[in-house]
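Every number in this text was worked out from the coordinates using simple rules, so none of it is lab data. The structure displayed is predicted, hence computed values, not measured ones. Ideal geometry is used to build each Cβ from the backbone, glycine not excepted, and the neighbour counts take in all protein chains shown.
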Amino acid sequence: MENYKVKDINLAEQGRKKIDWAESRMPVLMYLRDKYSKTQPLKGYKIAGCLHVTKETAVLVETLRAAGAEVAWSGCNPLSTQDDVAAALAANGISIYAWHGMNVEEFYWAIDKTLEIDPNLTLDDGADLIFTIHNKHPEKAKNVIGGTEETTTGVHRLRAMAKAGKLLYPVFAVNDAETKWDFDNVYGTGQSTIDGILRATNVLIAGKTVVVAGYGHCGKGVAMRAKGLGANVIVTEVKPTAALKATLEGFRVMPMDEAAKLGDIFVTATGVKDIIVKRHFESMKDGAIVCNTGHYDCEINIPDLESLAVDKKEIRPNNEMYTLKDGRRIFLLAKGRLVNLASAEGHPSEVMDMSFANQFLAMIRLTETGKDLENNVYLLPEEQDQEIARIKLETMGFKIDELTPEQIEYINDYSQGT
Ligand SMILES: Nc1nccc2c1ncn2C[C@@H](O)[C@@H](O)C(=O)O
């Protein structure tokens, strides 16, 4: 009986090429793999992971294994698994249960399969694995030293659990590491969301009115890249400081009720449900394109869209044309799920390199200090960010200045004047 379930194991060779390509663009993780394959700090540890199965994730998985860990993996979104990458991991002996287009039952079956290794460590993107342990297999939590969480939405869920005293083991908020959120969320989401839109539509962005819902790190990146391609960007927000920042960047800011009438392309990046609902669809222009780049598919209210449509058909891969009663057409991308991973390949390897360096080092940190931590959500130390950024700069051939002893003394002796 194989210890994996993938779409087609014969895709392994094609997937391996993708992983080889990603390795060439992830120098930090490859440096860490070389360093820790010698010392094997994860030997004897069992990691269950639930994170989008992409070529970049494959580099992380094989780095964890190179450091000695036993690894079992599932995808964290039914539409984000790259089947050839999953096949390559399976062919390389990884216990992986993931394929593109899983239904909800299969999605949770896969998570349960990864838990059969009785993990000591968990690695999550969206907290579905941690939630499954807490809600369905609480007895397995006693073996778990700790876990990590990759994304904003997941960290929010876990902080709420910790606050309610429900967290059964400590978790590092990898998302909150500067070398994750200020690179992956901004530059990664900015580029990969546009990539997803282009692969599903091939429309001209220049001159289009692009409505970005949410001006957090992700929305900021999407707005920046849409502007760079010549779009007229409108931002919608609920947080005054975020909206103010958007106006200072030159973006128009208005409520979605007004933006719905103007937009050609809509991108939700809020982490909140019901951002685009029935009344918005009713006022949209014919041909409006709607997509989401948030972790869950709750931001666009698809039942509302379905209720208004008299016809629906897939007009391109990841692109469904909904025809409304008055003949207007609305195009929904990737069924409202995260368009960057479902319709493209997710963030580029270069930014995932640092996100996953944080994941990798967090796993090692948990083996060293996890048993001393309370059942809470923790930030990774600042020095880890600086070390990851230092290695990244070095691999990019950049050198930077260093403070002299006198400058350090000046900084530390705040009493000194000018
Ligand atoms: N190429 C990629 N591989 C794996 C995961 C990827 C990804 N691009 C985005 N995410 C999503 C998340 O890792 C993270 O960016 C988030 O969800 O916050």
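Summed over qualifying helices (DSSP H, 4 residues or more, each -39500 (n - 2.57)) and divided by its residue number, the chain shows a 222 nm mean residue ellipticity of -13000 deg cm²/dmol.
Across the stretch 254-378, Cα-Cα pairs more than 22 Å apart make up 47 percent of the total. A Gaussian network model of the chain, with springs between Cα atoms under 10 Å, assigns the largest mean-square fluctuation among Pro381, Pro348, Pro78 to Pro381. One Cα centroid belongs to the stretch 342-392, the other to the stretch 138-183; the line between them spans 12 Å. The GluC sites (Glu not before Pro) of the stretch 329-417 that DSSP puts in a loop, and whose beta carbon has at most 13 other beta carbons within 10 Å, are Glu374, Glu402. Cβ crowding within 10 Å ranks Met396, Met256, Met26 as Met396, Met256, Met26, fewest other Cβ atoms first.
Across all directions, the average projected area of the convex hull around the alpha carbons of the chain is 23.4 nm². Of all DSSP beta bridges confined to the chain, the antiparallel ones make up roughly 20%.
The length gained by stretching the chain between Asp257 and Asp20 to full extension, at 0.36 nm per residue less their Cα-Cα distance, is 80.7 nm. Checking the Cα-Cα distances for Lys43/Lys136; Lys7/Lys335; Lys18/Lys220; Lys140/Lys371; Lys35/Lys142 against a 22 Å cut-off, the pairs over it are Lys43/Lys136; Lys18/Lys220; Lys35/Lys142. Antiparallel beta bridges, as assigned by DSSP with both residues in the stretch 189-342, represent about 35 percent of the total such bridges.
With contacts taken as Cα pairs under 8 Å and at least 6 residues apart, the stretch 275-362 reaches a relative contact order of 29 percent. Among residues other than Lys227 with Cβ under 15 Å from its Cβ, the summed charge is +3 (Lys and Arg +1, Asp and Glu -1). Net charge within 12 Å of Ala162 by Cβ-Cβ distance, Lys/Arg positive one each and Asp/Glu negative one each, not counting Ala162 itself? That sum, taken over residues with Cβ under 12 Å, equals +2.
Across the chain, Cα pairs under 8 Å and at least six residues apart give a relative contact order of 17 percent. The alpha carbon gyration tensor of the stretch 189-342 gives principal lengths a ≥ b ≥ c with a/c of 1.5 or higher and a/b greater than b/c, which makes the shape prolate.
Quick check: from the Cα gyration tensor, does the stretch 362-418 come out rounded (a/c under 1.5), prolate or oblate? Spell out each step's value before the answer.
Working: a/c = 3.84, a/b = 1.49, b/c = 2.59.
Oblate shape, in that a/c is at least 1.5 and b/c is the bigger or equal ratio.
Quote to one decimal, in nm, the extra length available between Lys278 and Ser37 on full extension: 0.36 nm per residue of separation minus the C-alpha distance between them.
Working: separation 241, 0.36 × 241 = 86.76 nm, distance 5.36 nm.
This chain segment gains 81.4 nm when fully extended.
Between Asn135 and Met396, the modelled label-to-label distance comes to 4.0 nm, taking each label 7 Å out from Cα in the direction of the beta carbon.
Would you tally the net charge around Asp297, using a Cβ to Cβ cut-off of less than 11 Å, leaving Asp297 out, and scoring K and R as +1, D and E as -1? Write out the running numbers ahead of the final one.
Values: positive: Lys273, Lys335, Arg337; negative: Glu299.
Once all neighbours under 11 Å are counted, the net charge is +2.
Look at the dipole of the stretch 140-184 built from charges on Cβ: of Val155, Val174, Ile145, the Cα furthest out on the positive end belongs to Ile145.
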